[in-house]
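Rule-based calculations on the coordinates, nothing more; no lab input. Since we're looking at a predicted model, the values are computed, not measured. No Cβ is skipped: glycine too gets one built from the backbone with ideal geometry, and neighbour counts run over all protein chains shown.
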Amino acid sequence: MVTVEADQVRVEFRLTGGQLGCPGCEGVLAPWGWARRRRVRGVGSLRPRRARCPGCLVTHVLLPVTVLLRRADAAEVIGAALTARAAGVGHRRIAGWLGVPAGTVRGWLRRMRGRLAAVRVHFLRVARLAGVDQGVPTALGSPWRDALAAVGAAAVAVTARFGTSGVIGPVTAWQVASASSGGRLLSPGWPAGSVGARSNTSCP
């Protein structure tokens, strides 16, 4: 799986033009059909492009930064839930506000709760790599708020370096989070000590 920008026209242009590198080797990705179509709350109908590396023969789904791997909700929807939890809101209220099943929201929060410290470190590393003289956010006394502050710091650093506007609109903190995690923000085993640069082929 490779994260790409949200604009599918731009993705297709880059893919057919040989501008997408393989994250597993030095090869260049080529078109290889499409992944299955699915509905994503907050995005609508989504059918990501598939690509194949002629060098290592591995296929990849080109996942836009507006979504996370194996999630039926947009990154912005999940991000809104995490932000509300950092503000002290419970999962049932969050679910009612977002129109998402309570069990789904509870699952997001449980997954994130078990990795808050690692997530904070990951996004602070992203901020330091993307920014110049990027300061560490002041500790806020809450693992949730500290992790979200690190996401915000990474977004500030990335947009300061690459710009605040993407092809189809403003670059958001949760697009930066999706891109820099390779779409794996809530996936098992993430983060594993890297900033996800090899799985992300573009800024949002």
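Couple of notes before you dig in:
- Pairwise centroid distance, computed over Cα atoms, of segment 79-128 with segment 3-17, Å: 29
- Amide hydrogen neighbours beyond the local backbone of Arg41, cut-off 5 Å, H modeled: Asp73, Ala74
- Each residue, Trp97 and Arg39, gets one label point 7 Å from its Cα in the Cβ direction; the gap between the two is 2.4 nm.
- Most to least packed among 27-37, 58-68, 3-13 [average Cβ atoms within 10 Å]: 58-68, 3-13, 27-37
- Computed [θ] at 222 nm, helices only, for the chain once each DSSP H run of length n ≥ 4 contributes -39500 (n - 2.57): -13000 deg cm²/dmol
- The HN-Hα couplings worked out from phi for segment 153-163 by the Karplus form 6.51 cos²θ - 1.76 cosθ + 1.60 (θ = phi - 60°) are 5, 5, 5, 4, 5, 5, 6, 5, 8, 10, x Hz, whole numbers, x standing for Gly and Pro.
- GNM on the chain, alpha-carbon springs under 10 angstrom: the most fluctuating residue among Ala81, Ala154, Ala95 is Ala95.
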